[in-house]
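Participant: I have a structure here, written as structure tokens, and I will follow up with some questions on it.
The values are calculated or read from the model by the stated rules, or taken from the named source; none is laboratory data. This structure is a prediction, so every number in the text was calculated from the model and none was measured. For neighbour counting, all protein chains shown are included, and Cβ atoms are generated from backbone atoms with ideal geometry for every residue, glycine included. Please note that ligands, DNA and RNA were not included when accessible areas were found on the heavy atoms of the full protein model with its side chains. Shrake-Rupley method; radii C 1.70, N 1.55, O 1.52, S 1.80 Å.
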Amino acid sequence: MKIKRATIHSYWLMFIATVITVGIVTSSQLITDRIGLLLDRQASELLAADMVIVSSNEFAGDYREQARKQGLQISQSVSLRTAIFIDDNPRLVELKAVDESYPLRGKLERAAEITGERTATTEIPSRGEVWVDTKLTQLVGTNLSLGEQSLEARWLLTYEPDRGGAIFNLAPRVLMNIADLSDTGLVVPGSRVRYRMMFAGAQADLNRFKSWLSANLKAGEEVQDLENARPEMRQALERTRKFFALSIVLTLVIAMAAIAITARYTANQEAPKVAMLRAFGISQFSLLKYYLRQLGALWIAATVVGVLVGWFTQFPLQWALDGWFGRTLPQVYGFRPYLTASLVGLLALAGFSLPYLINATATPPMQVLRSGGNRRSWMRGLLISGSAIVAVFVVLVILMQSSILAVATLALVLTCALVLPLILAWMVKILLVSSRRRFWLRQYLLSRLQATSRGAIYVMSGFSLVLIAILLIAVVKDELVGEWEAQLPENIPNYFLINIRSQDVDGIRSFLQTHQIEASTPYALVRARMSQINSVDVDKIKFSHPRASHSVTHTYNMTYADEIPDQNKIVEGQWLNQNPGLPQVSVEQGMAEKLDLKLGDQLTMTVGSKVLQAEITSIRSVVWENFKPNFYLITEAGLLESFPQTWLLSALIVDHNKADLKQLLKTYPSITLLDISELMARVRAIVDKATVALQFFFLFALASATIVLLAAIQTGRHEREIESSLLRALSAHTSQLYRVHVFEYTLMGALIGFFSACFASLAGWAISVYFFNIEFQLSPAVWIYSLVSACLVLTLAGTMVSRRVYNISPMKILRS
Amino acid sequence: MNQVGKTVDTPNGKLDILVNISLDVKYQEAVVIKGASGSGKTTLLGLMAGLDQASNGDVILFGENLTHQNEEQRSSIRAGKVGFVFQSFHLVQGATAAQNVMLPLELSGMEDAQQRAIASLQQVGLEAKTDTLVEHLSGGEQQRVAIARAYATNPKVLFADEPTGNLDAVTGRQITDLMFHLRDQSGTTLVLVTHEQELLERGDRQILIESGKLLTN
């Protein structure tokens, strides 16, 4: 009876560790599959068509004609950003004007109010009305000023097919009829407007049209179809998948380590039984079959429970990710996530526990007479380690779908697995050496931590990993982002005013001066694309930098200036006004490095249908974080001022000036206001959600680390009982026994907390200096949190589980 | 001990481990208890030392009746007055010889534990091994450390449970000689459990126990 109870108990811990393994994989696989399903199933809805041409300029008429010839349906939309006022507070919105045919695929959904029924519709906003995003629900039924027009906010727009990920569209949406757009006066030459022409029809017709387009597409126009639709979304999915795979690696490794420790304990418990059975003539093969059946049953039970746990835990994750992709994630009905999770569970169980059980079945029958233990040869040690490494590697390949990434992660895991225990053991040794005058209590505790039979070092390593991961997230999220914000000068601009017409510049400057609003120098914006470098077409040049291709296809905002802008520094060459008369351009340093540009190079830029050439006469460094207008390319007035342009400036608008903004926008309706603080708040909200998702996985990791602790306590239980019995025989009181156990776990917690805070602070320093390029501020909060949480968790969990030893009888020592 | 009995509950009902045990151990006496396996000798030792509680009868140690005392109270009675030597040594692994000897001294609140520990180790001939981890000592050396630990508190009574059970014959004789030599030096009362005839003959008094009853006293 006692043996059976002990066996069930030892399997119980292995069971929980396997449940955690299966659960975490189920949860992450479900979420990534649901995201993938959203994109795959709704690819055409994401375009609202079968094919789309996208451009920053209006389309020529022949596209429509050609498309009609091919029998395609056609629709058009125009998108731009503008500002509306809500209670005297400006709010940036994404305005989209659509025609009667929109959308060609999928349907719009609208509701009368936020709690009202959402209905799909084939209608679009009528003339004189708009539909607003659910974030602007308070505006429904009111009139909205858009430029020079006042339009009624008639409906709530609850769904539009080609909205894309909300993460990429920070501003709420406003949908209007395209016929009303020109009356608003918001679209002016040089405005940042996105034109989309959408097509739908039979595949053959689309193919013919696409062939015609490839020969007739103009510069700056891009074709999107189902194959390359929303690359930013597909990239986001891939990144999300890898992100989750990496996050759960830590949890999985600790859970698998828990399986290993519990398997070792079970094997040790089973060894005497095996010796006895072998003495009676039962073969090793029969015993192996028996244990395989046990493991099989455990795997099946753990898979069922783990899948259920994982299924339920996807919902907190879904909540954390809600809003990232624009609508609710669709349900997954396939079996793949569950099969993957059960396979990972099997691999973990087999890889980590099987070698121990095989070792147990090899217990020599002589052990019934003389308990010498089943000595572990180096071969067996190799089997155990090798099996574990292979299991981890295969699991990583399955989850990351990349053997290279799996190898890199495995190398990192192995390094941590080797280095962490060494560092922690070294810390204990240092403390041991430091004082030897008294043995009880401190030296006694430290010698207990050092004893390998207790596995304390491995428990500490597991918890340290979890705590380091949690602290790192906190350090990066709150400390670095917060510190970065705190280090910004107080009077940095908080608004950008863009889309300013040339004829309005002086008036706006005068307005800002009159109302004592601090503003930067206004700069003209001319949109230009690079077509040649030194008379060679850019698409024929092989650049060495990996991001060069993005730079050459990018549409730049060029400007002109007599004086070098604030916080720009010439690193090579001379500023523009030193070389009058020569068509010249100043290039930003990072861009010059990416495109291998040097002084004297000739750049050819295309502005609309015109071409301009200029020689690079200076290379500048730019402080991008100063929240002032900054430019990659600056030239002189003579080269650009004849091109269509809008202007921009940055301003510091404090609370008492906000009412003046309304007046400014009334007077100059084409202006768009970009609220930097709102942008930063939204970025912070996205970071917060990502952090919640990450921390959710680390709860699993914490559960795994606790299992490691329980397994270690279980493994060393007999030794603890004998020691407690000995202490009692030597006249220790119950209070002394309490103290030694409480202090043991508290000391473990203190070492874990100290080490984790050190590591997180060091990593935080490295990230500050080398990644964010800011001064690092040591945070006492990280240390306090680390020490307190580690001590609390270890002390509570450890003392609760080992409470039986407090009242152990001293007779146990005589009977042992 | 006066009409002491020890009964335990088993799945098959109550089992009498000891029945009507009455004996006296005099001050500075060396008593050797011999019995076959399962005779109850270990239980008897435990009751005498206050490690266990009798089911009936009186166990009086240093004038205190242990029968109705709880473990805390019995521990207080033992503190500083009772030493133990076990068959399996039961030293704290990962600690040095000196640290093992210091343990009961510090638990009892003695200030000069380290000096006393070193002195005790000198007495058992291990002055050169004070800083050696006990797992690096031979079986005989470990038992010497255990003896040093037992004698370090200058106990009034030393209880030894098969002290030579895990040692070879030569080492066992050396350990026995050492224990009796120290006993002669310090005047400690010695109560020793064994199944070895040779050890039985070293005692001032022999007690034979069988099936929970005393055969001779």
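Participant: Given the residues B:Gln87, B:Gln115, B:Gln123, which is the only one that is under 22 Å from B:Phe159 (Cβ atoms) and more than 10 Å from chain A (Cβ to nearest Cβ)?
Facilitator: B:Gln123
Participant: Now for a different question. Residue by residue through segment A:766-816, note down the ones that are small (Gly, Ala, Ser), more than 14 Å from chain B (Cβ to nearest Cβ) and open to solvent by 50 Å² or more (accessible area, probe 1.4 Å). Break it down into steps so the answer makes sense when it comes.
Facilitator: First pass over segment A:766-816, keeping only residues small (Gly, Ala, Ser): A:766, A:768, A:779, A:781, A:786, A:789-790, A:797-798, A:802, A:809, A:816.
Still in the running and more than 14 Å from chain B (Cβ to nearest Cβ): A:766, A:768, A:779, A:781, A:786, A:789-790, A:797-798, A:802.
The one that is small (Gly, Ala, Ser), more than 14 Å from chain B (Cβ to nearest Cβ) and open to solvent by 50 Å² or more (accessible area, probe 1.4 Å): A:Ala781.
Participant: What about A:Ala271, is it open to solvent by less than 40 Å² (accessible area, probe 1.4 Å), touching a Pro at 6+ places or on another chain (Cβ under 9 Å) and either at pLDDT below 85 or in a helix (DSSP H, G or I) (or both)? Steps first, please.
Facilitator: Working: open to solvent by less than 40 Å² (accessible area, probe 1.4 Å): yes; touching a Pro at 6+ places or on another chain (Cβ under 9 Å): no; either at pLDDT below 85 or in a helix (DSSP H, G or I) (or both): yes.
Here the answer is no, as A:Ala271 does not meet what is asked.
Participant: Taking B:Val134 as the residue in question, decide whether it is more than 12 Å from chain A (Cβ to nearest Cβ) and not small (Gly, Ala, Ser).
Facilitator: Answer is no for this residue.
Participant: For segment A:633-668, which positions are crowded, with 21+ Cβ neighbours inside 10 Å and either free of Cβ contacts under 8 Å to residues at least 24 places away in the same chain or not in a strand (DSSP E or B) (or both)?
Facilitator: A:Glu636, A:Leu640, A:Gln645, A:Ile653, A:Leu661, A:Leu664, A:Leu665
Participant: Please verify whether B:Leu47 is in contact with a Lys or Arg (Cβ under 7 Å, 6 or more places away or on another chain), modelled with pLDDT of 90 or more and either within 14 Å of chain A (Cβ to nearest Cβ) or open to solvent by less than 70 Å² (accessible area, probe 1.4 Å) (or both), treating the condition exactly as stated. If you could, list the steps in order and put the result at the bottom.
Facilitator: On the way: in contact with a Lys or Arg (Cβ under 7 Å, 6 or more places away or on another chain): yes; modelled with pLDDT of 90 or more: yes; either within 14 Å of chain A (Cβ to nearest Cβ) or open to solvent by less than 70 Å² (accessible area, probe 1.4 Å) (or both): yes.
So B:Leu47 passes the test.
Participant: Which numbered condition trips up A:Val98, out of (1) crowded, with 18+ Cβ neighbours inside 10 Å; (2) modelled with pLDDT under 90?
Facilitator: It fails just one condition, (2).
Participant: Scanning for something touching a residue at least 40 places away in the same chain (Cβ under 8 Å), open to solvent by 10 Å² or more (accessible area, probe 1.4 Å) and under 30 Å from A:Asn494 (Cα atoms), does segment A:113-126 turn up at least one residue?
Facilitator: no
Participant: Quick one: in segment A:565-618, of everything that is more than 22 Å from A:Phe643 (Cβ to Cβ) and among the small types (Gly, Ala, Ser), which residue is least open to solvent (accessible area, probe 1.4 Å)?
Facilitator: By that ranking, first place goes to A:Ala592.
Participant: Related question: Check off (1) over 26 Å from A:Val193 (Cα atoms); (2) of a type outside the set (Gly, Ala, Ser); (3) at pLDDT below 85; (4) in contact with a Leu (Cβ under 6 Å, 6 or more places away or on another chain) for A:Thr18 and give me the number that stays unchecked.
Facilitator: Exception for A:Thr18: condition (3).
Participant: Output the residues belonging to segment B:155-175 that are over 15 Å from B:Gln197 (Cβ atoms) and among the charged types (D, E, K, R).
Facilitator: B:Lys156, B:Asp161, B:Asp168
Participant: Does segment B:180-188 contain any residue that is among the polar types (S, T, N, Q), buried (at least 19 other Cβ atoms within 10 Å of the Cβ) and touching a residue at least 40 places away in the same chain (Cβ under 8 Å)?
Facilitator: The initial filter retains those residues of segment B:180-188 that are among the polar types (S, T, N, Q), namely B:185-186, B:188.
Applying the additional criterion that residues be buried (at least 19 other Cβ atoms within 10 Å of the Cβ) yields B:188.
Filter once more, so that each one left must be touching a residue at least 40 places away in the same chain (Cβ under 8 Å): B:188.
Yes.
Participant: Then there is this: When you go through (1) in contact with a strand residue (DSSP E or B) (Cβ under 9 Å, 6 or more places away or on another chain); (2) more than 10 Å from chain A (Cβ to nearest Cβ); (3) not acidic (Asp, Glu) one by one for B:Thr42, which number turns out not to apply?
Facilitator: Answer for B:Thr42: the failing condition is (2).
Participant: Conditions: (1) at pLDDT 80 or above; (2) open to solvent by 20 Å² or more (accessible area, probe 1.4 Å); (3) not in a helix (DSSP H, G or I). A:Phe85 meets all but one. Number of the miss?
Facilitator: Checking A:Phe85 against (1) at pLDDT 80 or above; (2) open to solvent by 20 Å² or more (accessible area, probe 1.4 Å); (3) not in a helix (DSSP H, G or I), the one that fails is (1).
Participant: Taking the condition of being more than 7 Å from chain A (Cβ to nearest Cβ) and closer than 19 Å to B:Leu126 by Cα, how many residues in segment B:98-111 meet it?
Facilitator: Going through segment B:98-111 one residue at a time, the tally reaches 4.
Participant: May I pose another question? Return the pairs, sorted by first residue and then second, in which the second residue is modelled with pLDDT of 65 or more and of a type in the set (Lys, Arg), the first residue lies in segment A:22-51 and is under 19 Å from A:Phe199 (Cα atoms), the beta carbons are less than 7 Å apart, and the residues are 6+ apart or on different chains.
Facilitator: Within 7 Å, the pairs are A:Ser44/A:Arg105; A:Glu45/A:Arg105; A:Leu47/A:Arg105; A:Ala48/A:Arg105; A:Ala49/A:Arg105; A:Asp50/A:Arg105; A:Met51/A:Lys210.
Participant: Can you tell me which residues in segment B:50-80 are more than 14 Å from chain A (Cβ to nearest Cβ), in contact (Cβ under 8 Å) with a residue 40 or more places away in the chain and open to solvent by 30 Å² or more (accessible area, probe 1.4 Å)?
Facilitator: Scanning segment B:50-80 gives B:Asn56, B:Asp58, B:Ile60.
Participant: So which residues in segment B:81-115 are within 12 Å of B:Ala150 (Cα to Cα) and open to solvent by 20 Å² or more (accessible area, probe 1.4 Å)?
Facilitator: Quick first cut of segment B:81-115, residues within 12 Å of B:Ala150 (Cα to Cα) only: B:81-86, B:89-91, B:100-105.
Correct list: B:Lys81, B:Phe89, B:His90.
Participant: Kindly establish whether B:Val170 is buried (at least 24 other Cβ atoms within 10 Å of the Cβ) and either of a type in the set (Val, Ile, Thr) or within 10 Å of chain A (Cβ to nearest Cβ) (or both).
Facilitator: no
Participant: If a residue must be within 13 Å of the chain's Cα centre (by Cα) and in a strand (DSSP E or B), how many such residues does segment B:121-168 contain?
Facilitator: Adding up the residues that qualify gives 5.
Participant: Enumerate the helices (runs of 4 or more DSSP H) found wholly within segment A:375-469, keeping only those where 2 or more residues are within 14 Å of chain B (Cβ to nearest Cβ).
Facilitator: Output list reads A:403-434, A:442-450.
Participant: Okay, next question. In segment A:742-753, what residues are over 16 Å from A:Leu472 (Cβ atoms) and either hydrophobic (A, V, I, L, M, F, W, C) or buried (at least 21 other Cβ atoms within 10 Å of the Cβ) (or both)?
Facilitator: Answer for segment A:742-753, where residues must be over 16 Å from A:Leu472 (Cβ atoms) and either hydrophobic (A, V, I, L, M, F, W, C) or buried (at least 21 other Cβ atoms within 10 Å of the Cβ) (or both): A:Val742, A:Phe743, A:Glu744, A:Tyr745, A:Leu747, A:Met748, A:Gly749, A:Ala750, A:Leu751.
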